[in-house]
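Here the structure is laid out as structure tokens; the discussion comes afterwards.
The values are calculated or read from the model by the stated rules, or taken from the named source; none is laboratory data. Since the model is a prediction, treat every value here as computed from it, not as a measurement. We place every Cβ from the backbone using ideal geometry, glycine too, and count neighbours over all the protein chains shown. What goes into the accessible areas is simple: the full protein's heavy atoms, side chains included, and nothing from ligands, DNA or RNA. Shrake-Rupley method; radii C 1.70, N 1.55, O 1.52, S 1.80 Å.
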Amino acid sequence: MTLVELREEISIELEMMVSTVQEVVSLLNDLSGREPTVREKTAAAAFLAQFYGGIENILKRIHRYHGIPMPTGDSWHTDLFKRFCNPPYLPFPVLFDDELAKNLSPFRKFRHVVHHGYGFQLDWERMKEGLGMVENVFSLFTASVTDYLQINISDAVLRTAKSPHKS
């Protein structure tokens with residue numbers, strides 16, 4: 001995978017995540033002042049899982065770009081996440097500072113609940129906090145990924161400028 005392909009794939013994923021975040025905001029506005037139905041809770045849970053799935057998809061693409069095998073086993077979701085936290089797991093960037101890592105951890109754990117549970121069992125109070133954080137967490141994540149891509153572009157330009165030209 002080239003840097004251009006990585007940027008394009010991440011851009012597409014971020015666009016899909018924007019749509020998911022917009023749906024979360026719309027759902028919260030629709031629910032203002034009332035309790036959600038089971039369908040609305042299930043929809044909200046799906047949006048939360050999709051949001052975190054988008055983050056994982058970007059991490060997987062960065063893995064593929066660097067040619068590093070994905071973690072395996074029962075804890076692969078956590079292992080993947082930790083590769084982008086402090087301390088650095090080279091060659092990967094630290095995309096999650098301590099604050100962002102702390103804010104994203106419940107999303108990763110909730111993803112498991114959504115995929116292995118039933119909508120009528122969802123705890124709305126627990127979900128509401130995550131739903132309220134989605135916009136801010138997405139903004140922080142997007143800034144971090146954008147910084148990473150900018151650094152890689154700068155490095156690629158420098159390598160190209162330093163390489164001898166054939167005449």
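Translational diffusion coefficient of the chain (Stokes-Einstein, Kirkwood radius from Cα pairs, 37 °C, 0.692 mPa s): 189 µm²/s. Dividing the helix sum by the residues of the chain, where each DSSP H run of 4 or more adds -39500 (n - 2.57), gives a mean residue ellipticity at 222 nm of -26000 deg cm²/dmol. Computed over protein heavy atoms with a 1.4 Å probe, the carbon and sulfur contribution to the accessible area of the chain reaches 54%.
Picking from F81, N103, L3, whose Cα lies most toward the positive end of the charge dipole for the chain (charges on Cβ: Lys, Arg +1; Asp, Glu -1)? About the Cα centre, the residue reaching furthest to the positive side is L3. The Cβ shell under 12 Å around E13 holds other residues with a net charge of -1, Lys and Arg each +1, Asp and Glu each -1.
Taking only the C-alpha atoms of the range 1-60, the Rg (one decimal) and the largest Cα-Cα distance, Dmax (whole number), read 14.5, 48 Å.
Under the membrane-span-like helix rule (DSSP H runs whose alpha carbons stretch at least 20 Å along the helix axis, mean Kyte-Doolittle hydropathy -0.5 or higher), the chain yields 3-30, 38-66, 124-162.
Placing unit charges on each Cβ (+1 for Lys and Arg, -1 for Asp and Glu) gives the chain a dipole about its Cα centre, and among W124, L48, T146 the Cα reaching farthest toward its positive end belongs to T146. Each label was represented as a point 7 Å from its Cα along the Cα-to-Cβ direction; for T72 and E40 these points are 4.5 nm apart. Gyration tensor analysis over the Cα atoms of the range 45-132 returns equivalent ellipsoid semi-axes of 26, 14, 10 Å (largest first, whole Å). The magnitude of the dipole of the range 1-76, with charges of +1 and -1 set on the Cβ of Lys/Arg and Asp/Glu and taken from the Cα centre, is near 100 debye. Dipole magnitude for the chain: about 500 debye, using +1 per Lys or Arg Cβ and -1 per Asp or Glu Cβ, origin at the Cα centre. Average accessible surface for the range 1-79: 54 Å² per residue, computed with a 1.4 Å probe over protein heavy atoms with every protein chain in place. Label separation (D98 vs S139): 2.3 nm, computed from points 7 Å beyond Cα along the C-beta direction.
Summarising the label geometry, the points placed 7 Å from Cα in the beta-carbon direction at K60 and N29 lie 3.2 nm from one another.
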